[in-house]
Structures are given as C-alpha cells and as structure tokens.
Amino acid sequence: MALVGAGIAGNTPQTDAAGAPDSKAAAGKIRVYFGTYSGKESRGIYTSELSLADGKLSEPRLVAEAVNPSFVAIHPNGRFLYAVGEVSDRGGKPTGGVTAFAIDAKTGDLKKLNEQSSGGAGPCHVSVDKTGQCVAVANYGGGSVASLPIKADGSLGEAASFIQHTGSSVDPARQKEPHAHSANFDADNHFAIVADLGLDKLLVYKLDPSTAKLTPNDPPSASSPAGGGPRHLAFHPSGKFAYANNEMKSSVTAYSYDAKRGVFEPLQTVTTLPADFKGENSTAEVRVHPNGKFAYVSNRGDDSIAIFAIDPATGRLTVAGHQKTGGRVPRNFNLDPSGRWLLAANQDTHNVVVFAVDEKTGQLKPTGNEIKVGSPVCVRFWESAS
C-alpha cells in the first residue's frame, strides 16, 4: 500500500508489538516519487528507491512526462498517483490541471489515465482524502480550491466543488488577493483545510467523501499572523494539534485542533531562522515526525531545516536546532514512514539530499547520500503491499 504520512488509516508503517518499526520492513526499500518544475533540467515526474538500511537512493528515472507536475499525491490503495499541472493557462482558459496516473506496482512506472481542469490558475498542491474518493487542489494563482471525485478506475471526474476565495491582507505586494497554497484533509476525514497565503487564513471546509463536495465550515476559518502568509499545514499524529508554516515571515504557528468542530486555535508562533541569520528568507514545507515528538520546517534563503521539539501535552514548540540542506532553496522535504530518514529536495541546485534522523533528539545528520533531480519540489513515499 502507499505510505504517504503519519496518522492516516491504512498508511502507517508496519510495527512490532513494542511499537518499533518492523525489522523486515526496515531492512527493505521504499519507492519515492518526485514532483518537479519541468524545463531544461526536468521532464516531469521521477522515481527512485530509498534503502531503509543505509539511506541510499537509487539513480532517479523519469516515469511520466508532464508540464510542471510540481506537487503529487498518492491514493491510499497505492494504485494511483495524482499530479497538478502548475500552469496559468490551459486550452486558452486561466486554469491549470490535475492529472491521474495508474502506478505499476512492480516497476513504479506511471500510466496517464486522464486530466481535469483545476478550475483556477497555478494549482500548486493536491491531496487525496482518506477514503480515496476525492482529491482537493489549491490554486495559488487563482486563489481558489477545487475538489474532484475519483472514479473506480482511478481517473478523475469533473470538479464537484469549486470555491473562489475573496479578500486580502496587510502586504500590498503579495496579499492584495487570495492565494490558496495547500489543501489537506484531517485525520477523521471530516474537513478539508486550505492555507491561503493572500488572506492570512486557514479556511475550513466540511467534506462529503461520497460526493467529493466541500462546504464552508462554521466558523469558516482560523486566522494566522498578519503578513505571515500561511503556506502548508501538518497535523500531529494525535490529531489534537496542527502546524502551519508562514512563508512570508519565516515562522511556524502551532494550533490546537478540535476535530469534531473543525476549529483551530493558535497557541504560539515561533521563528524558523537562526538568531544570527541576515538576508532574505521564506519557508516552504512543514512536517511532523511520525513519533509526534518533533516538527520540521524548510527555510529558503538560510537553506536549512529548522528543528522543533513538540510538547506532547500542550503541542507547543521549542527550537531544537537547524540543519543545512546541502543545496539551495529547499522547496520540499519529507520523512519516510519509519521516521529514520529525511529527504530534502533543493530546487535550485537540482539535488535531493538524505539525512538520518535521531528519533530521540530530532537532530538531522548528513549521510553523504544524494541524487540529482531537476528542480525537485515535492517528495512522496510509496510502498507496495506485501
């Protein structure tokens, strides 16, 4: 099955009775997919295999030619992959696309099933709901969110919901209009949360998986720091907390989360930068370790991963350090399902670097392992059913 993150039913790593990663699984390999910006260095979606024993990555290979498949998501059954086409125009209309692929379990190759409009320009993030019945896509350029039904064969239907965000926030250069930057489903699959950089809000939508429809929640949103520009969101494995990185202010906000009502309450906001940093920086990705003890945020400018310890009782963060990513502009990174390895994708230096994770301290140790992938901007793990 696909292993795409912690806290997802059916997508957790195999463990023994004591809760430790299964030795058989840990000794094997796991497939990784990379979304990219296409161009001189890249032609689409690439795949590699990560050795769970030593953190080495196999030589990447192209598995699907596509235009700017910057973000990808894997179906819970592991049979399908969905990728945005991050463009501002499609067939003469101001919209991007979302493409469905079938995954060859043996080879990792992708076969295109179909493509649908994302409803807005510049789709930059896509997620699959926990039941595998729909995808949600955030349109950055268009400032909107769309949800599309997934058919039995894995292909996508036309959008069941399209919601245009409205409004602005305090920064006239980047926040004069909405810019939806991510769309995620909560662990109970009751809500979809859209981080909108242009509005400084987390917009919350009720989800009906059977119809793939989204409707505004009550309350409809949670505020983030003014001028912060929320970008991505990561839930704690307990489901009680969530963390949003604020791209424009280089910070991360911790929230408490009421899963029954879909309500977020801010707890604290912490800088992601070292005290001695000077210069321009923006954050890109936020992740929570599968053990729930640590959170990580990537810095583009300092070119580092900020490490935070999580208080399990309160969800609050304490700065635990920073690790350089071995390249420039770490757009995205991900932790493998066992929590032993972190893969950092450096967009401007076209490399993916592997770090060993100390599961007691959260610290990252360079392994010396890396591969070349053109303009990598998304890292997703997949593992076949045994």
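Each reported figure results from applying straightforward, stated rules to the coordinates on display, with no laboratory input. Keep in mind the model is a prediction, meaning the values are calculated, not measured. Don't worry about glycine lacking a Cβ; one is built from the backbone with ideal geometry, like all the others, and counts go over all protein chains shown.
Some notes on this structure:
- The alpha carbons of the chain stretch over 47, 46, 44 Å along the principal axes, in descending order.
- Taking amide hydrogens as placed 1.01 Å from N in the peptide plane, the amide H of His350 sits under 5 Å from those of Ser375, each at least 5 positions away in sequence or on another chain.
- For the range 220-241 and the range 331-386, distance of Cα centres in Å: 23
- Distant-in-sequence amide H partners of Ser88 (H built 1.01 Å from N, under 5 Å): Gly122
- Range in the chain, longest, excluding exposed trypsin sites (Lys or Arg not before Pro) [loop by DSSP; at most 11 other beta-carbon atoms within 10 Å]: 107-259
- HN-Hα J in Hz across the range 271-283 - Karplus 6.51, -1.76, 1.60, θ = phi - 60°, x for Gly and Pro: 5, 9, 9, x, 4, 9, 6, 9, x, 8, 8, 9, 8
- For the range 211-226, the Karplus equation 6.51 cos²θ - 1.76 cosθ + 1.60, evaluated at θ = phi - 60°, returns couplings of 10, 6, 9, 10, 9, x, 7, 10, x, x, 6, 10, 8, 10, x, 4 Hz by residue, with Gly and Pro reported as x.
- Among the GluC sites (Glu not before Pro) in the range 40-124, those located in a DSSP loop and surrounded by at most 16 other Cβ atoms within 10 Å of their own Cβ are Glu41.
- Between amide H atoms placed 1.01 Å from N, distances below 5 Å from Asn114 occur with Ala100, Leu156, all of them 5 or more places distant or on a separate chain.
- Contact order relative to length of the chain, as percent, for alpha carbon pairs under 8 angstrom and 6 or more apart: 14
- Look at the dipole of the range 26-382 built from charges on Cβ: of Gly78, Gly315, Val137, the Cα furthest out on the positive end belongs to Gly78.
- Considering helices alone, the calculated mean residue ellipticity of the chain at 222 nm is 0 deg cm²/dmol, with DSSP H runs of length four and up weighted by -39500 (n - 2.57) and normalised per residue.
- Cα centre as origin, Lys/Arg/Asp/Glu Cβ charges: the chain dipole, Debye: 240
- Within straight-line cross-link reach of Lys106, lysines at Cα separation under 27 Å, skipping those fewer than 8 residues along the same chain: Lys24, Lys29, Lys56, Lys130, Lys151, Lys372
- Think of the chain as a dipole: +1 on every Lys or Arg Cβ, -1 on every Asp or Glu Cβ, centred on the Cα centre; then among Ala259, His289, Leu203, His289 lies furthest on the positive end.
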